[in-house]
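The values are calculated or read from the model by the stated rules, or taken from the named source; none is laboratory data. Keep in mind it's a predicted model, so treat the numbers as computed, not measured. Please note: Cβ atoms are built from the backbone with ideal geometry, for glycine as well, and neighbour counts cover all protein chains shown.
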Amino acid sequence: MKKLQVVTGGTSGMGLSTAIALGKLGPVLVGGRNEKRLADAIAKLEERGIEAYGKTVDISDRVSLDEFAAYAASIAPIGNVVNAAGVDAGGGDLIVKINMVGTVNFVEAFLPYLEEGSALVNYSSITGYFVQPTPEERAIWDDPNAPTFFEKAKAAIDVREVPEAMRAMGEDYQYYPISKTFTQYYTRANTRRFGKKGCRIFSIAPGAFDTPMLREASDETVAGIERGTAFGRLGEPGEMAEFIVRLLEPGLEYLTGVDLVLDGGKFGMTMAKQLD
């Protein structure tokens with residue numbers, strides 16, 4: 001019996017491409033906040049012959065996510081779960097609730113249902129490598145299930161110093177990169193916990209991919225992003241999806257507790273003087 005594959009944030013962009021690609025491993029459950037987009041995503045999966053299910057979910061709401069995870073377990077034994085839900089705008093409260101609290105909720109909701117051989121994948125971001133937590137933030141991050149986690153995490157970001165270049169990208173960039181640094185940190189923090197169940201956990205840091213969210217930027221901004229890659233182009237959502245599926249297929253059972261980068265060379269070109 002093929003096990004259920006789960007994708008939150010799977011109604012568009014890389015999340016939808018990941019859901020489609022995971023169809024080769026078993027039936028797929030897609031979660032999202034918008035009912036119409038969810039229905040459209042299910043239709044696209046079914047057009048490809050994939051056994052597909054859908055349910056609305058807000059990952060920032062633990063009750064909503066617990067109900068979603070229970071529904072997933074009622075369909076079939078759960079194989080792999082991918083959290084592609086995330087936001088890069090909308091204000092500090094929303095970014096922290098979705099990207100940070102939502103990541104914690106996702107892990108806590110699904111871990112009890114995972115069996116030996118299962119894997120959980122979080123989407124992080126290449127931007128998470130360009131900022132680092134302060135000692136005070138790390139102390140907060142080390143207790144992510146505290147009732148005051150959201151308030152303390154948000155307050156710590158409110159007062160952090162942000163590089164001018166990053167601040168120039170918009171007010172939300174005070175919150176977005178560090179929220180993804182947290183995703184990477186929290187993923188690593190669960191390595192032993194998952195290993196005790198014979199399960200894996202890792203995160204994927206995308207660079208710039210051709211998604212509806214990125215296409216909201218100006219043509220000039222997109223062109224500048226493309227020039228910052230080794231190949232002079234954006235990544236295709238299908239490339240990310242195929243990367244994830246290859247990591248989840250048999251043969252890489254020793255891979256866990258890491259963040260993996262798929263960014264067209266952006267990070268390498270930023271961190272090292274390039275040779276001619």
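Things worth noting here:
- One residue stands out in segment 6-49 among those that are out of contact with any Lys or Arg (no Cβ under 9 Å at 6 or more places or on another chain) and polar (S, T, N, Q): the one that is farthest from Arg246 (Cα to Cα), namely Asn34.
- In segment 259-276, the residues that are surrounded by 15 or more Cβ atoms within 10 Å (Cβ to Cβ) and part of a loop (DSSP other than H, G, I, E, B): Asp263, Gly264
- Filtered residues of segment 97-113 (kept if more than 12 Å from the chain's Cα centre (by Cα), among the aliphatic types (A, V, I, L, M) and over 15 Å from Gly257 (Cβ atoms)): Val101, Ala109
- Residue check, Arg62 of a type in the set (Lys, Arg), without any contact (Cβ under 8 Å) to a residue 40 or more places away in the chain and out of contact with any strand residue (DSSP E or B) (no Cβ under 8 Å at 6 or more places or on another chain): no
- Candidates Gly232, Gly224 - the one that is part of a loop (DSSP other than H, G, I, E, B) and modelled with pLDDT under 95: Gly232
- Candidates Val82, Val87, Val131, Val121: the one that is part of a loop (DSSP other than H, G, I, E, B), among the β-branched types (Val, Ile, Thr) and within 22 Å of Ile20 (Cα to Cα) is Val87.
- Residue list for segment 208-252, restricted to those being closer than 21 Å to Lys24 by Cβ and among the acidic types (Asp, Glu): Glu236, Glu239, Glu242, Glu249
- When residues of segment 207-225 are limited to those that are of a type in the set (Gly, Ala, Ser) and within 21 Å of the chain's Cα centre (by Cα), the one surrounded by the fewest Cβ atoms within 10 Å (Cβ to Cβ): Ala217
- Segment 1-54 - residue that is in contact (Cβ under 8 Å) with a residue 40 or more places away in the chain and β-branched (Val, Ile, Thr) and, of those, nearest to Gly235 (Cα to Cα): Thr18
- Screening Gly235, Gly228 for residues that are free of Cβ contacts under 8 Å to residues at least 60 places away in the same chain and surrounded by 21 or more Cβ atoms within 10 Å (Cβ to Cβ) leaves exactly one candidate, Gly235.
- Leu252 meets the conditions (1) under 29 Å from Tyr113 (Cβ atoms); (2) surrounded by 15 or more Cβ atoms within 10 Å (Cβ to Cβ); (3) free of Cβ contacts under 8 Å to residues at least 24 places away in the same chain in every case but one. The failed one is (2).
- Count of residues meeting criterion [free of Cβ contacts under 8 Å to residues at least 24 places away in the same chain, part of a helix (DSSP H, G or I) and over 15 Å from Thr181 (Cα atoms)] in segment 139-168: 6
- Of the strands (runs of 3 or more DSSP E) lying entirely inside segment 1-63, those containing at least 3 residues that are surrounded by fewer than 24 Cβ atoms within 10 Å (Cβ to Cβ), over 15 Å from the mean Cα position of the chain (by Cα) and not hydrophobic (A, V, I, L, M, F, W, C) span 52-56.
- Qualifying positions in segment 160-175 - touching a helix residue (DSSP H, G or I) at 6+ places or on another chain (Cβ under 6 Å) and buried (at least 17 other Cβ atoms within 10 Å of the Cβ): Val162, Tyr173, Tyr175
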